[in-house]
Amino acid sequence: MTRLRVFAADDGANPVLDTSDPTWIGDALKKIGVRYERWPLRDTQGADAGGVLVAYAPEIDKLKAEAGYQSVDVISLAPDHPDRAALREKFLSEHRHSEDEVRFFVAGEGLFTLRTDDDRVHAILCTAGDLISVPAGMRHWFDMGPEPSFTAIRLFENPDGWVAKFTGDAIADRFPRHEPAAA
């Protein structure tokens, strides 16, 4: 279930907001300039990346027309991926991008943590059906958990894809990581 927790930047233990209500989540994220939507899920079980893109072509085409995205791909990670630890580590430090970071979760989950200019930290656990667009320049980090399990569509303005500018701030180390609930 999608969940938003908001913290003061100096207190990663006590959220000032903790909700799973999609309306509250959407409103809170909109206030900080983050696009959040729920898309209907389609049956993509067993589909390759091309099949996933075809299944969501109307939504992808709409986003591309609205924001000028030039490239789109699908990323899938499973708990047994041999490079899961290195991939997790790559995204755990606070960074920014020169373009929006857009993800639609087709399956599974991941934790985006966003830091605003007023030093609030918004930790949004995205699950299947969630679209999030982190605006260009917003400080953030992403945690897929120790045993990642997700499929996401990614849209980019830059055909080179994901390019991060790390801030050098260790703030991400002071906030909860993504630890999926035990099955």
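Read-outs: derived from the displayed coordinates by stated rules, not from any lab. Here the structure is a predicted model, which is why all the values come from computation and not from measurement. Note: ideal-geometry Cβ built from the backbone for every residue, glycine included; neighbour counts use all protein chains shown.
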Separation of the Lys90 and Trp39 label points, Cα + 7 Å toward Cβ, nm: 2.1
For a Förster distance of 30 Å, can you work out the FRET efficiency between the beta-carbons of Ala8 and Ala67, rounded to the nearest 0.05? 0.45
Given the -39500 (n - 2.57) contribution per DSSP H run of 4+ residues, what per-residue ellipticity at 222 nm results for the chain, rounded to the nearest 500 deg cm²/dmol? -5500 deg cm²/dmol
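Using a Förster distance of 25 angstrom, determine the FRET efficiency expected from the C-beta separation of Trp24 and Thr167, and round it to 0.05. Could the numbers behind the result be given before it?
Working: r = 28 Å, r/R0 = 1.13.
The pair Trp24/Thr167 has a calculated efficiency of 0.30.
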Straight-line reach from Lys165: which lysines have Cα under 22 Å away, leaving out those fewer than 8 places along the same chain? Lys90
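Place the peptides 4-10, 164-170 in order of packing, highest mean first, counting for every residue the other Cβ atoms within 10 Å and averaging per peptide.
Numbers: 4-10: 17.4, 164-170: 12.0.
Descending packing order for the listed peptides: 4-10, 164-170.
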Relative contact order (%) - criterion: Cα under 8 Å, at least six apart; region: region 3-174: 31
Per 5 Å bin, what percent of the C-alpha pairs of region 3-174 does each bin hold, from zero upward? 1, 8, 17, 21, 22, 17, 9, 3, 1
Calculate the dipole size of the chain relative to its Cα centre from +1 charges on Lys and Arg beta carbons and -1 charges on Asp and Glu beta carbons; express the result in debye to the nearest 20. 160
The helix 22-31 Cα axis meets the longest alpha-carbon principal axis of the chain at an angle in degrees, between 0 and 90 and rounded to 10, of 70
Relative contact order of region 1-50, defined on C-alpha pairs under 8 angstrom at six or more residues apart (%): 24
On Cα atoms only, tilt of 57-67 relative to the major axis of the chain in degrees: 60
Have a look at Glu101, Glu37, Glu66 and tell me which one the Gaussian network model of the chain (Cα, springs below 10 Å) gives the largest fluctuation. Glu66
For region 5-66, what is the per residue volume of the convex hull drawn over the alpha-carbon atoms, in cubic angstrom? 150
Of Val52, Pro40, His140, which is farthest along the charge dipole of the chain in the positive direction, counting Lys and Arg as +1 and Asp and Glu as -1 at C-beta? Pro40
